[in-house]
Amino acid sequence: MRTLTAPMFSIQRARERAFFDHGWLQTYHSFSFAEYDDPENTQWGALRVFNDDTVAPAQGFPPHQHRDMEIVTYVLDGELVHEDSMGNRGVVGPGGVQFMSAGTGVRHSEFNNSAERPLHFVQMWVLPGSTGQPPSYGQMAFERVERFNRWLYVASGQDSIDAPIALTQHATLGVARIEDAMVVHEFARERYGFLFVADGVVEANGETLQRGDAVRLFDVARLGVKGHGELVLWDVPGAAA
């Protein structure tokens, strides 16, 4: 990722993402991941991975290893089952968040809890603020009303943001469901922003976005989003912060 020196507001359309159909998994990658390798598109600030995944009924990811990464999964539809090498097991439903600091290393699996319905979620990786820490896991359920026509800040490592999930990185994750309303987020100087439209049609700073579209921002003071849709927003520092 090149070093930015001027404000940026760049749209990534849904069709511009890398797409892979594995049969049991349909996945869109906003950044380089697995078999998708683009040296010009490796991350956005400290946001390293943003995958939009749909998993077939009774299918999922078998046990695999992670290290030194903060991983947050936001469930859009269906139920996600998590198991890991620390002995944790949990089911996360729509609007719920699963979070894991991989730290010195952890193995986990993720499966669709339903034998009839697909599972749809976004999984996001953030570079950690510190390394060499023991791994940890947690999950939280949120009611729709908590994010209805407002930003619900669910995870953060910024002192100025009150969020129930703590990150080691100075980053913040917000989600919102808007219906004929506007939500606003203000960024500090030289921060990176990533807005994803999971569903609906909205306007972000006057630009029309639809399902699967995203905006990458740098050093933009204010983001206003209006319309109808399900939104996911990251406010992150540069990669080295």
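Among what's in the range 187-203 and is of a type outside the set (D, E, K, R) and buried (at least 22 other Cβ atoms within 10 Å of the Cβ), pick the residue that is farthest from GLN43 (Cα to Cα).
VAL202
Please find, within the range 211-226, the residue that is nearest to SER10 (Cα to Cα) out of those that are more than 17 Å from the chain's Cα centre (by Cα) and either crowded, with 20+ Cβ neighbours inside 10 Å or not small (Gly, Ala, Ser) (or both).
Here the residue is PHE218.
Restricting the search to the range 77-96, which residues are in a loop (DSSP other than H, G, I, E, B) and of a type in the set (D, E, K, R)?
GLU79
Restricting to the range 128-142, name every residue that is hydroxyl-bearing (Ser, Thr, Tyr) and either in contact with a Leu (Cβ under 6 Å, 6 or more places away or on another chain) or not in a loop (DSSP other than H, G, I, E, B) (or both).
Answer for the range 128-142, where residues must be hydroxyl-bearing (Ser, Thr, Tyr) and either in contact with a Leu (Cβ under 6 Å, 6 or more places away or on another chain) or not in a loop (DSSP other than H, G, I, E, B) (or both): SER136, TYR137.
Would you pick out the residues in the range 36-83 that are without any contact (Cβ under 8 Å) to a residue 60 or more places away in the chain, under 17 Å from ARG216 (Cβ atoms) and of a type outside the set (Ser, Thr, Tyr)?
Across the range 36-83, the qualifying residues are ASP38, PRO39, GLU40, ASN41.
Which residue is surrounded by the fewest Cβ atoms within 10 Å (Cβ to Cβ), if the candidates are limited to the range 143-155 and must be among the hydrophobic types (A, V, I, L, M, F, W, C) and not in a loop (DSSP other than H, G, I, E, B)?
Across the range 143-155, the extreme among qualifying residues is VAL145.
For VAL154, are the conditions met, namely being under 16 Å from LEU47 (Cβ atoms) and of a type in the set (A, V, I, L, M, F, W, C)?
Considered against the rule, which asks whether it is under 16 Å from LEU47 (Cβ atoms) and of a type in the set (A, V, I, L, M, F, W, C), VAL154 comes out as yes.
Quick check: is even one residue across the range 138-158 out of contact with any strand residue (DSSP E or B) (no Cβ under 7 Å at 6 or more places or on another chain), more than 25 Å from PHE33 (Cα to Cα) and hydroxyl-bearing (Ser, Thr, Tyr)?
Looking through the range 138-158, none of the residues is out of contact with any strand residue (DSSP E or B) (no Cβ under 7 Å at 6 or more places or on another chain), more than 25 Å from PHE33 (Cα to Cα) and hydroxyl-bearing (Ser, Thr, Tyr).
Any read-out appearing in this document is the output of simple, stated calculations on the displayed coordinates, not a laboratory observation. Quantities reported herein were computed from a predicted structural model and do not represent experimental measurements. Cβ: placed from backbone, ideal geometry, glycine included. Neighbour counts: every protein chain shown.
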